[in-house]
1. Just one of A:329, A:355 is assigned to a loop (DSSP other than H, G, I, E, B), more than 14 Å from every other protein chain (Cβ to nearest Cβ) and closer than 20 Å to residue A:391 by Cα; which is it?
2. Return the only residue of A:101, A:85, A:78 being assigned by TED's automatic domain parsing to the domain that holds residue A:135 and either in contact with a helix residue (DSSP H, G or I) (Cβ under 9 Å, 6 or more places away or on another chain) or of a type in the set (D, E, K, R) (or both).
3. Go through (1) surrounded by fewer than 21 Cβ atoms within 10 Å (Cβ to Cβ); (2) in contact with a Leu (Cβ under 6 Å, 6 or more places away or on another chain) one by one and return the number of the condition residue A:232 breaks.
4. When residue B:61 is evaluated against the numbered criteria (1) under 27 Å from the mean Cα position of the chain (by Cα); (2) under 30 Å from residue B:539 (Cβ atoms); (3) assigned to a loop (DSSP other than H, G, I, E, B), which criterion, by number, is the only one it fails?
5. How do the pairs read when you match residues in the stretch B:223-243 that are within 18 Å of residue A:75 (Cβ to Cβ) with residues anywhere that are among the acidic types (Asp, Glu) and part of a loop (DSSP other than H, G, I, E, B), using Cβ under 7 Å and keeping only pairs 6 or more apart or on different chains?
6. Considering B:191, B:125, which residue is more than 30 Å from residue B:423 (Cα to Cα) and either crowded, with 22+ Cβ neighbours inside 10 Å or free of Cβ contacts under 8 Å to residues at least 60 places away in the same chain (or both)?
7. Do the conditions hold for residue B:458, that is, is it within 8 Å of another protein chain (Cβ to nearest Cβ), under 21 Å from the mean Cα position of the chain (by Cα) and either modelled with pLDDT of 95 or more or closer than 18 Å to residue B:204 by Cβ (or both)?
Protein chains: 2
Amino acid sequence: MKLLALVSLFAAVYSPVAALWPQPRTINTGNNTLRLAPNFQIIVSGHGVPSDVQAAVGRTQSYLAKDKLARLVVGRGASDAKSFAQAKTLSKLTVSLEKGAAWKPITSEAQKAPADRDEAYHLTVPADGSAATLTANSTLGLLRGLTTFGQLWYAYDGTTYAIETPVTIEDSPAYPYRGFMLDTARNFFPVADIKRTLDAMSWVKLNQFHWHVVDSQSFPLEIPGFTDLAAKGAYSSSQVYSPSDVQDIVAYAGARGIDVMVEIDTPGHTAIIAEAHPDFVACPGATPWGTYANEPPAGQLRLANSTVTNYIADLFTAASELFPSTLFSTGGDELNTACYDIDEPTQAALNATGSTLEQALDQFTQVTHKALEVKGKTPAVWEEMVLVHNVTISKESPVLVWISSENVKAVAEKGFKIIHAASDYFYLDCGHGAWVGDFPTGNSWCDPFKSWQLSYSFNPTANLTTDEAALILGGQHLLWAEQSGPENLDDTIWPRAASSAELFWTGPGGNISTALPRLHDVSYRFRTRGVKTISLQPEWCALRPGACDLTA
Amino acid sequence: MKLLALVSLFAAVYSPVAALWPQPRTINTGNNTLRLAPNFQIIVSGHGVPSDVQAAVGRTQSYLAKDKLARLVVGRGASDAKSFAQAKTLSKLTVSLEKGAAWKPITSEAQKAPADRDEAYHLTVPADGSAATLTANSTLGLLRGLTTFGQLWYAYDGTTYAIETPVTIEDSPAYPYRGFMLDTARNFFPVADIKRTLDAMSWVKLNQFHWHVVDSQSFPLEIPGFTDLAAKGAYSSSQVYSPSDVQDIVAYAGARGIDVMVEIDTPGHTAIIAEAHPDFVACPGATPWGTYANEPPAGQLRLANSTVTNYIADLFTAASELFPSTLFSTGGDELNTACYDIDEPTQAALNATGSTLEQALDQFTQVTHKALEVKGKTPAVWEEMVLVHNVTISKESPVLVWISSENVKAVAEKGFKIIHAASDYFYLDCGHGAWVGDFPTGNSWCDPFKSWQLSYSFNPTANLTTDEAALILGGQHLLWAEQSGPENLDDTIWPRAASSAELFWTGPGGNISTALPRLHDVSYRFRTRGVKTISLQPEWCALRPGACDLTA
């Protein structure tokens, strides 16, 4: 029955239930139109309903009232007027937990470890006017169901209506980690931009905000006890995330079913720490920067230096208290050995202790990871930590594969859990020319542009054995911000990042032709909610599904 | 003396007079700081000063008060505080026409034929507190000078100040046509977006808005007497430019020194006309569209059909009355002969008259161009009209070279005036993946992305003889809107299009390393004025000119 439903779904090439994104894993639809009653209500049944559940219901009601998304067909729904004039009216959606489940805040459900998150839900919308029902085992599942319910509706001439009812949906994600990464260090993003991004993430059921908050260029995070880093390393005093900003962002994310994994990238990508602690950084500002770092300025944390190691361990401890997530990324990418080669204190320390750089890196990693593990955190790392360096890393640590999707297999063979973040599929910044100066014919290192079609077509388990495939936690799009800021945030991310949201929720194998009309709907609905998505095609094409296909 | 000034300019690699864009053709600067008096005033001396000149003065005053652009250096101007505390104060800029010149509106000066536009000006800003002076032979020149004056100022801690004063500038453009083209047919742009773009254009002294207003996908222009085209061919009734919208846009542009060249692309790119006049269009909606058109939907105006030819001639006549410009683009690109081959009425008409398709095209062009010439207009055409087709075109007609910059030479050899618009340098839409559906590995046809560095490095007279070089009117960036809309308009255009603004004002040969810090200033200043420019680099780099150069 599940299989049948899926088959019928993909057979209906341009299903008018176009606005569902990600596509539910099982859906059955009918051929009736249903109107939303002007006095439509969402009723949560149960005692002790958490406030973030009530807030999610309120947002859903608000979107139903304000979206006013016209169908993307010629006439924008005029042809539906006759059928909805005679349609039954839906007055109520009842929302409840399944028997035995206890009311807990969405936030706490979202902040569980990926494997423990329960996002499944069951949604039924009858066509006869009787109440719709949404049930789940967790408030996080209810949130996902409310999100789906909110995507069923179009508006025309003052009427809000759904087509293809009755609708029955049984849904849960294919992968537990479905993320988006934002770099707020190359250029700064105000809190409001991050919140708007979290809203948009929640609309496509993304559940993980990976916050690459600091880097060699700026340190905009104010960490209690370590405030000199931001005071001296932020671009300005107004370009800082205070502890209350972080609390605000974490709470905002949690209420939307999103966990926040912060990243304090070490020991590379740390040149800016020299502004506050010159003694902690090897080869600070060394030139030519291209020899000593992947980006200017050069400079990375000294190894074989217990003062530095303990400082970072303490920094991690303090930072971890700002973020309730079980995950904490310690980075570990792009370590530059030439920088250490020319750094006399590092060389002296290595000689004094008789250790190699790799041994010193292992020591640094063990101490700093231990500090997090003591706080109940699972460190996440970039792929080099297990592929380039032979560092002691817990097998519980997710490894983010970024350099190339071809490296996934090697990480899996080592038995690590994997988060797909490959530049060849998921980097949103590629293809916009060189940002490095004095480089007239330069393009971005990860050319070309990664289209939504490319990431949508990604196979998360390509070349993996069954056991290796079980190591895949999910994946994410990423925005490195060398050429981004608040000005182009929305249109750089959306709707492209929705493609991985569906890939990792619905599972791979989606058809880009059937996806495109739904993705247009995502894009147009996002705009009604204030997120400035790009146009994927001329509006002429958006209104005529399939007409602009290559072979049409 | 002029040469010396230019040499000294390029020698001063990271001149703090960073915010001037385009770089004046002759500039002399000193080493003093100058403060702007709180009661600073711009005084226009003369009688009968046109209202658009007064408005330009008002805008300049407003920008001086509101820009509050901090210098792009570490500390954002803190290090200037000592020098401006002791600086002289400028209280007045006197603006006047040179002897013998008469006050005429900026608008009428801007709407002259390119060769007749006088944009030269002379600006002196003494360092001793005595009045600054701006003179020109035309109000259009005064506008350009006011724009330059407005770029001299930074703000820090409540003080507005200029560095490197005294400043003496003698300036005029290298090329008379410096444009930007926007396609409003693939996706629609509200009037407010066009006005904001016109403002931005004026800030970098662009003087030509090339408005590709209609195309095969939609017809958003309401032309008196031909209103059925928009009524049936616009995406919706709210996505239409009414005659009063056009008047508003043309006036807004004119007051900012910008002429509006409308384009009604014919005989290709006209499928949408079939919505109102099915009999006028050959092969409407023919599939596969790829055989009959470069983009869906197929369909182009019938040739060898006097009804259609006269209709378009009358349409041009009516449209020309909406646009005071001397220029009017009739298009002429991408004519598809396969479409005519399968169109029985066209074939019957060709057989009946015994003419070839080329002869019919020539006839169509002559009649429709004649209608414009009668109205005092000079038709502009895309390159195919003179390179692919052997059509009778006046040598006064500017030819826009778009397919490749390699085609410039061939057009010049035929003796036509040329507007640079080559896709390999100036297309802003390239490199964002395929918009055509069902094309998973597709990229844009004009990949890769055209960086600002690339267009800035363009040589407008490459391979041309001196006589041929004299045919170059100038050039422009272009935004085809298949993947653009209001949401990404600003960041797709800016600051990239500023690179051609400087190229065609200052002339070729600019250095991208010295340009970059100034372009950052353009970008940051645009943002203070509400235009959402992209970040060219991490802010760390923007604050440290040269530090992120490839070889730094």
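The values are calculated or read from the model by the stated rules, or taken from the named source; none is laboratory data. Because the structure is predicted, anything quoted here is derived from the model rather than measured. Cβ atoms come from the backbone with ideal geometry, glycine included; neighbour counts cover every protein chain shown.
1. Only one candidate qualifies: A:355.
2. Being assigned by TED's automatic domain parsing to the domain that holds residue A:135 and either in contact with a helix residue (DSSP H, G or I) (Cβ under 9 Å, 6 or more places away or on another chain) or of a type in the set (D, E, K, R) (or both) holds for just one of A:101, A:85, A:78, which is A:101.
3. With (1) surrounded by fewer than 21 Cβ atoms within 10 Å (Cβ to Cβ); (2) in contact with a Leu (Cβ under 6 Å, 6 or more places away or on another chain) applied to residue A:232, the lone miss is (2).
4. Status for residue B:61: all satisfied but (3).
5. As it stands, the answer is B:230/B:222; B:240/B:222, since those pairs meet every condition given.
6. Just a single option satisfies the conditions, and that option is B:125.
7. no
One line per residue, one yes/no per condition, for (1) modelled with pLDDT under 95; (2) in contact with an Asp or Glu (Cβ under 9 Å, 6 or more places away or on another chain); (3) β-branched (Val, Ile, Thr):
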| site | (1), (2), (3) |
| --- | --- |
| A:248 | no, no, no |
| A:259 | no, no, no |
| A:265 | no, yes, no |
| A:272 | no, yes, yes |
| A:276 | no, yes, no |
| A:285 | no, no, no |
| A:299 | no, no, no |
